[in-house]
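Read the structure below first, then the notes.
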Amino acid sequence: MTLDGEYEPSPAQWVREQVETYERSGGKEANTLRDTGLPIVIVTTVGNKSGKVRKTPLMRVEHGGEYVLVASKGGAPEHPSWYHNLVANPDRVAIQDGPEPFDVKVRELTGEERELWWSRAVAAFPPYAEYAERASRLIPVFLASRR
Ligand code: F42
């Protein structure tokens with residue numbers, strides 16, 4: 001994986017611990033959102049301000065080998081920080097969905113393409129629809145494709 005740089009764990013303990021357990025077990029443990037049974041992936045980005053390596057668990061929404069990354073942050077009014085990292089460094093992203101991470105490039109989706117992938121995301125994780133209601137922003141949706 002080409003994402004070298006200083007890893008900065010999340011300040012959120014439950015997130016930091018999920019990343020550590022997922023990586024240590026090669027994706028065999030801590031691979032769901034708490035006890036929902038719904039699968040997650042670990043997304044590595046590069047800080048657009050710090051240049052540090054950041055790792056973020058996100059819901060696993062995959063179709064035809066491509067993944068959609070939904071910047072919902074639980075319906076918060078602001079985008080998550082990792083959104084800004086993807087916008088600044090779209091070619092410095094990796095996804096771990098199982099034993100090993102792989103490099104991806106990402107692009108933000110709009111229009112009909114966004115609607116298609118948004119429907120796939122809500123099918124995989126219905127709470128996204130509630131978050132969209134709650135957030136006073138259009139939740140950004142990115143498509144990640146292997147490089
Ligand atoms: N979040 C989602 O948005 N979507 C999901 O589908 C999702 C699923 C999920 C499943 C399991 C789980 O454990 C967590 C899940 N989360 C999901 C939560 C997700 O992992 C993140 O915690 C959440 O989206 C918030 O992301 P965040 O990047 O805002 O995290 C904060 C807490 C954070 O790490 N802040 C850092 C800090 O020091 O305060 C900064 C992080 C950063 O990237 N900084 C950038 C830098 O340069 O280093 C600057 C970014 C900027 O603002 O310019």
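The values are calculated or read from the model by the stated rules, or taken from the named source; none is laboratory data. These numbers come from a predicted model, not from an experiment. For neighbour counting, all protein chains shown are included, and Cβ atoms are generated from backbone atoms with ideal geometry for every residue, glycine included. Remember, those area values only see protein heavy atoms, side chains included, never the ligands or the DNA or RNA. Shrake-Rupley method; radii C 1.70, N 1.55, O 1.52, S 1.80 Å.
Name every residue in region 40-64 that is out of contact with any Gly (no Cβ under 7 Å at 6 or more places or on another chain), in contact (Cβ under 8 Å) with a residue 40 or more places away in the chain and not in a loop (DSSP other than H, G, I, E, B), in order of residue number.
V41, I42, V43, T44, T45, K55, T56, P57, M59, H63 - these are the residues of region 40-64 that are out of contact with any Gly (no Cβ under 7 Å at 6 or more places or on another chain), in contact (Cβ under 8 Å) with a residue 40 or more places away in the chain and not in a loop (DSSP other than H, G, I, E, B).
Counting just the residues of region 65-96 that are more than 17 Å from G47 (Cβ to Cβ) and assigned to a loop (DSSP other than H, G, I, E, B), which one comes out nearest to the ligand (Cβ to nearest atom)?
Within region 65-96, the match that is nearest to the ligand (Cβ to nearest atom) is S72.
Residues in region 41-57 that are more than 14 Å from D4 (Cβ to Cβ) and open to solvent by less than 10 Å² (accessible area, probe 1.4 Å): how many?
Total meeting the criteria: 3.
Based on what the data block shows, is D91 open to solvent by less than 40 Å² (accessible area, probe 1.4 Å), in contact with a Lys or Arg (Cβ under 6 Å, 6 or more places away or on another chain) and touching a residue at least 12 places away in the same chain (Cβ under 8 Å)? Give the steps one after another, and end with the answer.
Working: open to solvent by less than 40 Å² (accessible area, probe 1.4 Å): no; in contact with a Lys or Arg (Cβ under 6 Å, 6 or more places away or on another chain): yes; touching a residue at least 12 places away in the same chain (Cβ under 8 Å): yes.
The answer is no for D91.
Which residue is nearest to G75 (Cα to Cα), if the candidates are limited to region 95-147 and must be out of contact with any strand residue (DSSP E or B) (no Cβ under 7 Å at 6 or more places or on another chain) and open to solvent by less than 20 Å² (accessible area, probe 1.4 Å)?
Among those residues, the one meeting the criterion is A135.
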